[in-house]
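Colleague: Dumping the structure here so I can ask a few things about it.
The values are calculated or read from the model by the stated rules, or taken from the named source; none is laboratory data. The structure displayed is predicted, hence computed values, not measured ones. Note: ideal-geometry Cβ built from the backbone for every residue, glycine included; neighbour counts use all protein chains shown.
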Amino acid sequence: MEKFCIIGYPVSHSASPKIYNEYFKRINYDGFYGMEEIAPENFENRIDHIFEHYDGFNVTIPHKERVIPHLKMIEEGARIVGAINCVVSKNRKGCNTDWMGFVRSFPKTDWNGIIVLGAGGTARAVIYGLRKIGVSRITLLNRTYTKALSLKKWADSFGMEITAKPLDTLKQVLKYGKILINTTSVGMRGEKFDLSMKDLENLNLIYDVIYFKTPLQEMGKAMGIKVVDGKEMLYNQAVENLKIWDVPLVESLFREIFNDVMGKMRS
């Protein structure tokens, strides 16, 4: 039996076990996907156990960076982004499927006037993904301006030109933007950006990495703006995981199971 899992703290909220185990059952694959909740103070004591007992695993907060010293191979995107979320145990290879999931879910459109909100790990994956598809210039806003400046310096290494601004300039920046990408957690618990419909009227696209309804998404839809939520990024990320682990992929079936599980979680 092939064994996989997700490690993080906490992980009890993860939909991955339900999605993968149902998929394995439906394709008659001899596999199992579990979850291993590892508190930060126990990480060094537990990580070798994970490598020994699982053929592959996903990594979520707060271990995406901490797992790096335990790897022997790191794919280029993961190395540049500086975070790992998918591991193959036999060769200790680490990958980042966040940026891949973003690229595959980002609509093919005019990519001018992109505004990215946030400067955390998801923002790094999104910015790297944007560069991979040919975007060379974005505006980045973050509540902590120094973190935005830090990402600007980081992005110089792979040719992305970032104009960094504090988050309180968002209303002014939106006057010239066409695409708004939210990588922050704002909206996850019903929080709102200080924006009105008029502030969004120039936008063609809102991409929100949060995979359930948020006030930003609802406002965009009410205005007829194209809105993509994080469910598509999550789906494409999961597909990439299967490919990396050499699990047979029947994409139509996997899509059906993914939508069913996620739909129940969001309802």
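Colleague: Please go through the range 155-170 and pick out each residue that is over 23 Å from the mean Cα position of the chain (by Cα) and either charged (D, E, K, R) or not assigned by TED's automatic domain parsing to the domain that holds Arg124 (or both). First the steps, then the outcome.
Modeller: Of the range 155-170, the ones over 23 Å from the mean Cα position of the chain (by Cα) are 168-169.
Across the range 155-170, the qualifying residue is only Asp168.
Colleague: Do the conditions hold for Tyr29, that is, is it more than 16 Å from Val87 (Cα to Cα), assigned to a helix (DSSP H, G or I), aromatic (Phe, Trp, Tyr) and touching a residue at least 40 places away in the same chain (Cβ under 8 Å)?
Modeller: On the way: more than 16 Å from Val87 (Cα to Cα): yes; assigned to a helix (DSSP H, G or I): no; aromatic (Phe, Trp, Tyr): yes; touching a residue at least 40 places away in the same chain (Cβ under 8 Å): yes.
Judged against the criteria, Tyr29 is not a match.
Colleague: Taking the residues in the range 86-125 that are part of a strand (DSSP E or B) and not β-branched (Val, Ile, Thr) as candidates, determine which candidate is surrounded by the fewest Cβ atoms within 10 Å (Cβ to Cβ).
Modeller: At the first step, the residues of the range 86-125 found to be part of a strand (DSSP E or B) are 86-88, 93-95, 114-117.
Now restrict to residues that are not β-branched (Val, Ile, Thr): 86, 93-95, 117.
On the way: Cys86: 26, Lys93: 18, Gly94: 22, Cys95: 25, Leu117: 24.
Here the residue is Lys93.
Colleague: Can you confirm whether Val247 is over 21 Å from Gly120 (Cβ atoms), crowded, with 18+ Cβ neighbours inside 10 Å and at pLDDT 95 or above?
Modeller: Working: over 21 Å from Gly120 (Cβ atoms): yes; crowded, with 18+ Cβ neighbours inside 10 Å: yes; at pLDDT 95 or above: yes.
Spelling it out, Val247 is indeed over 21 Å from Gly120 (Cβ atoms), crowded, with 18+ Cβ neighbours inside 10 Å and at pLDDT 95 or above.
Colleague: Here is a follow-up. Going through the range 126-163 one residue at a time, which ones are part of a loop (DSSP other than H, G, I, E, B) and within 16 Å of Tyr207 (Cβ to Cβ)?
Modeller: Quick first cut of the range 126-163, residues part of a loop (DSSP other than H, G, I, E, B) only: 133-136, 143-144, 159-160.
Of everything in the range 126-163, those that are part of a loop (DSSP other than H, G, I, E, B) and within 16 Å of Tyr207 (Cβ to Cβ) turn out to be Ile133, Val135.
Colleague: Ok, one more. What residue, among those in the range 126-154 that are crowded, with 16+ Cβ neighbours inside 10 Å and small (Gly, Ala, Ser), is nearest to Val209 (Cα to Cα)?
Modeller: Gly129
Colleague: Quick check: is even one residue across the range 36-58 surrounded by 15 or more Cβ atoms within 10 Å (Cβ to Cβ), under 18 Å from the mean Cα position of the chain (by Cα) and assigned by TED's automatic domain parsing to the domain that holds Asn259?
Modeller: Yes: the range 36-58 contains one or more residues that are surrounded by 15 or more Cβ atoms within 10 Å (Cβ to Cβ), under 18 Å from the mean Cα position of the chain (by Cα) and assigned by TED's automatic domain parsing to the domain that holds Asn259.
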